[in-house]
Amino acid sequence: MIAYIQPWIEYNEAFENHLSKSYHHTFADYVNAIIGAGLTIEQICEPLAPEKWKMSEPDKYEGFIETPVYMIIKMKKR
């Protein structure tokens, strides 16, 4: 697994030149790890950007719509 440095300046105005260490995982990485752990997927959700961003912060809104930031997986032990 290779780490890469990701700038998050556009999403966090409290930090100047804030960089974040990130790791890329494919959807298959997550699903195979879940299967390997003996879990069953019950539901998957990718939360959307807040609707108020459409007017107040359209660039941020579009970025979150194009690239979901979070994935929530509801699982249970088999």
| query | Looking at (1) over 21 Å from residue 66 (Cβ atoms); (2) at pLDDT 90 or above, can you tell me which one residue 53 breaks? | reply | (1)
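A quick yes/no check of all residues on (1) among the aromatic types (Phe, Trp, Tyr); (2) modelled with pLDDT under 85:
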{"residue": "4", "(1), (2)": "yes, yes"}
{"residue": "7", "(1), (2)": "no, yes"}
{"residue": "20", "(1), (2)": "no, yes"}
{"residue": "34", "(1), (2)": "no, no"}
{"residue": "42", "(1), (2)": "no, no"}
{"residue": "58", "(1), (2)": "no, no"}
{"residue": "75", "(1), (2)": "no, no"}
| request: Answer yes or no: is there a residue in segment 63-73 that is under 19 Å from residue 23 (Cα atoms), open to solvent by 100 Å² or more (accessible area, probe 1.4 Å) and either of a type in the set (Phe, Trp, Tyr) or in contact with a Leu (Cβ under 8 Å, 6 or more places away or on another chain) (or both). | output: yes
| request: Go through segment 34-53 and give me each residue that's farther than 12 Å from residue 73 by Cα and exposed (fewer than 13 other Cβ atoms within 10 Å of the Cβ). | output: 35, 36, 37, 38, 50, 51, 52
| message | Whether any residue in segment 62-78 is under 25 Å from residue 24 (Cα atoms), touching an Asp or Glu at 6+ places or on another chain (Cβ under 8 Å), among the basic types (Lys, Arg) and outside any strand (DSSP E or B) is what I want to check. | response | no
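The values are calculated or read from the model by the stated rules, or taken from the named source; none is laboratory data. Values in this document were obtained by computation on a predicted structure and should not be read as measured data. Quick reminder, even Gly has a Cβ in these numbers, built from the backbone with ideal geometry, and neighbours come from all protein chains shown. All accessible areas refer to the heavy atoms of the entire protein, side chains included, with ligands and DNA or RNA removed. Shrake-Rupley method; radii C 1.70, N 1.55, O 1.52, S 1.80 Å.
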